[in-house]
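First up is the structure itself, then whatever we jot down about it.
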Amino acid sequence: MPTIHYTDAAGSTIDINANVGDSVMETAVRNGVPGIVAECGGSLSCATCHVFVREDELEQLPGMSEMEDEMLYGTTEDRRDNSRLSCQIKVTEGMDLHVTTPETQV
Amino acid sequence: MNTPTTERAETGLLIIGASQAGVQLAISLRGTGFDEHITLLGEEDHRPYQRPALSKEFLQDKVDKENLIFRSQEYWDEHGIELVKGARIERIEKNTAADGTQDGSGVAVAADGTRYPFRRLALAVGARARRLEIEGAELDGVVYLRSADDALELKARLGDVQDAVVVGGGFIGLEAACSLHGMGKNVTVMEYGPRLVGRAVGEDTSEYFLQAHRGRGIDIRLGARMTRFVEGTGERAGRVAGVELEDGTVVDAQLVLVGIGVVPNTELAEQMGLAVDNGIVVDRHAVASDGTTVAVGDVANMPNPLPGAPEGERIRLESVNNAIEHAKIAAYSLTGRREEYAGIPWFWSNQADLKLQIAGLTLGYDSTVVRRDDAKGKFSVLYYRDGQVIAADCVNAPLDFMAVRNALGKGQNIPAGAAADPAVPLKSLVVDRHVQEVSA
């Protein structure tokens, strides 16, 4: 089963078994992972599901749309090179992804 | 004959309404250290779910019901939050001590007689779709879109539908119209008013949406005066077949979707004797007029939370963002803290290829600035009140949205002078509040 590892700003990690096809955001929210708010439910409107993807895993992910790119300029904690909106990352077969959540989303 | 009644164990907090606001209240309470038992009680037979996709991705079969569920059952179990589905509360009995005082405790009585005793009560009862009164409104095929059941019913009917009429050119109506149009239906929107989304956006934005939707082939009638829904004949007796207008013309429709706004569910509050005026009247801390009951989300009429808003100005907001932020305030109130609304209200509406994001509240605006870049398909309108930006409608322009939202959040301004030029990023124009523009 695909696994997503969510590490919060303080360094503690929660590992969640994820369903293929769900987003990394949905997986977090449904299981109550703190640090991901996702007000808009994944419709790419709010930029409150910001995560930092582990650098060496970034390339495995499909690239981001222009809309996601622009939305990332409005996140509460400033974007970095490894920033993504987790609603736009779909869980795939065999995925083993490490993300860190920012200190604050709103 | 006596109806057997069931008396549940007393709960620390009874939240009526397993809505966005109700769910957030339960979650936020656990985050603020509230350790009493919480009962989250909903009228529908579904686990608590998110509504926004019902008119969009869910209707278009892009997501299924499971994607709309807020939290897994394990989450609720682990956090000591008891979910009750399919329970409709009919009345509240407040406890009164011998000296006449009330401490906020009482019993909620459900339609089936079940009694839910509580120490504190939260009303997150939301709003219901406003019903249209017109000849033929009861015909089969005339539907509304508020709940998951509404959406499931609508989806089940679509196979037989070639022509659809959407009554109401607001957010729900236009989102659904775009969904139906995208599924190959002939769609006509009947808007009673002179422009689209008249209640939520200004004239420039209304016009932009009008042109865009007409351009994609949706027939939009402004100032539409309908006289009746026409019944089918023969095999289609009892079912809607069209919509008749004042001039006698009939627009074919095997489906009529009515989206003319909502009515706040204030009946329980009225029965409790709480102050009600276009929603349940609450103070800055989401507390109702009895001083103990909290009311959150769509149903609450609250002081305008925008920084700098005139004292005494009140508003009732229908949005996900408000449900969340308002619930957080209520969670603080229930744990003895007095916090005020944080953040800037924002709204979104996705209509086909148009992604509208609204930051702030336009209440009381006196001027606007339009930013338009047709080559990039971006369009924004900034709203001003006494020279201070108070809101913006942004279509496919997230940078504008973020710039205005952040400026409002920091109490800053984006002076109107240079804001119209889409080549200049709004972010670069931000100044501290009350800095006046100097004219050249």
Those residues of the range B:346-360 for which accessible area with every protein chain present is at least 30 Å² below the isolated value (1.4 Å probe): B:W346, B:W348, B:K355
Size of the protein assembly as shown as Cα extents on the principal axes (Å, biggest first): 72, 69, 55
Other protein chain Cβ atoms within 10 Å, averaged over every residue that makes up A:32-42: 5
Approximate shape of the range B:225-352 as ellipsoid semi-axes (Cα gyration tensor, √5λ), whole Å, largest first: 42, 17, 13
Separation of alpha-carbon centers, the range A:33-80 and the range B:371-440, rounded to whole Å: 24 Å
Kyte-Doolittle at least -1.0, axis length at least 20 Å by Cα - qualifying DSSP helices, chain B: B:320-334
In Hz, Karplus ³J(HN,Hα) per residue of the range A:46-61 (6.51, -1.76, 1.60; θ = phi - 60°; x = Gly, Pro): 10, 6, 10, 10, 4, 9, 9, 8, 4, 3, 6, 9, 4, 6, 5, 8
Centre separation in Å (Cα based) which lies between the range B:1-80 and the range B:181-229: 35 Å
Amide H partners (placed H, <5 Å) of B:V262, local residues excluded: B:R130
Simple spin-label estimate for B:T5 and B:R338 in nanometres, 7 Å along Cα-Cβ: 3.8 nm
Peptides A:31-37, B:147-153 ordered by average Cβ neighbours within 10 Å, highest first: A:31-37, B:147-153
The range B:1-145 shape via C-alpha gyration tensor axes, a/c threshold 1.5: oblate
Within chain B, percent of DSSP bridges classed antiparallel, to nearest 5: 60 percent
Length-normalised contact order of chain A in % [C-alpha pairs under 8 Å, at least 6 apart]: 41 percent
For chain A, radius of gyration divided by Kirkwood radius, i.e. Rg to Rh on alpha-carbons: 0.91
Above-threshold pairs, the threshold being 21 Å between Cα atoms, out of B:K62/B:K85; B:K65/B:K328; B:K56/B:K185: B:K62/B:K85; B:K65/B:K328
Fraction of accessible area attributable to carbon and sulfur, the protein assembly as shown (%, probe 1.4 Å): 46 percent
Estimated vicinal HN-Hα couplings, Hz - the range B:188-201 in sequence order (Karplus 6.51, -1.76, 1.60; Gly, Pro = x): 10, 9, 9, 10, 5, x, x, 8, 6, 6, x, 7, 10, 10
Antiparallel DSSP beta bridges within chain A, as percent of all bridges there, nearest 5: 70 percent
Hz values of 3J(HN,Hα) by residue in the range B:130-143 - Karplus curve (6.51, -1.76, 1.60), Gly and Pro given as x: 5, 7, 8, 9, 7, 4, x, 4, 8, 4, 5, x, 9, 10
5 angstrom amide H check on B:R314, placed H, neighbours 5+ away: B:N304
Highest-fluctuation residue, A:L85, A:L72, A:L61 considered, GNM on chain A with Cα pairs under 10 Å: A:L61
Amide H partners (placed H, <5 Å) of B:V389, local residues excluded: B:I414
Beta bridges by DSSP in the protein assembly as shown, antiparallel share as percent, to the nearest 5: 60 percent
Student exercise, the protein assembly as shown dipole from Lys, Arg, Asp, Glu Cβ charges, in Debye to nearest 20: 600 debye
Filtered trypsin sites (Lys or Arg not before Pro), the range B:159-203: DSSP coil and at most 10 other beta carbons within 10 Å: B:R199
Fluctuation leader among B:E82, B:E66, B:E36 - chain B, Gaussian network, Cα springs under 10 angstrom: B:E66
GNM result for chain B, Cα springs below 10 Å: residue of B:M190, B:M302, B:M226 fluctuating most strongly: B:M226
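The values are calculated or read from the model by the stated rules, or taken from the named source; none is laboratory data. Computed from a predicted structure; not experimentally measured. Because the Cβ atoms are built from the backbone with ideal geometry, glycine has one as well, and the counts that use them run over all protein chains shown. Calculation scope for accessible area: heavy atoms of the full protein, side chains included, ligands and nucleic acids excluded. Shrake-Rupley method; radii C 1.70, N 1.55, O 1.52, S 1.80 Å.
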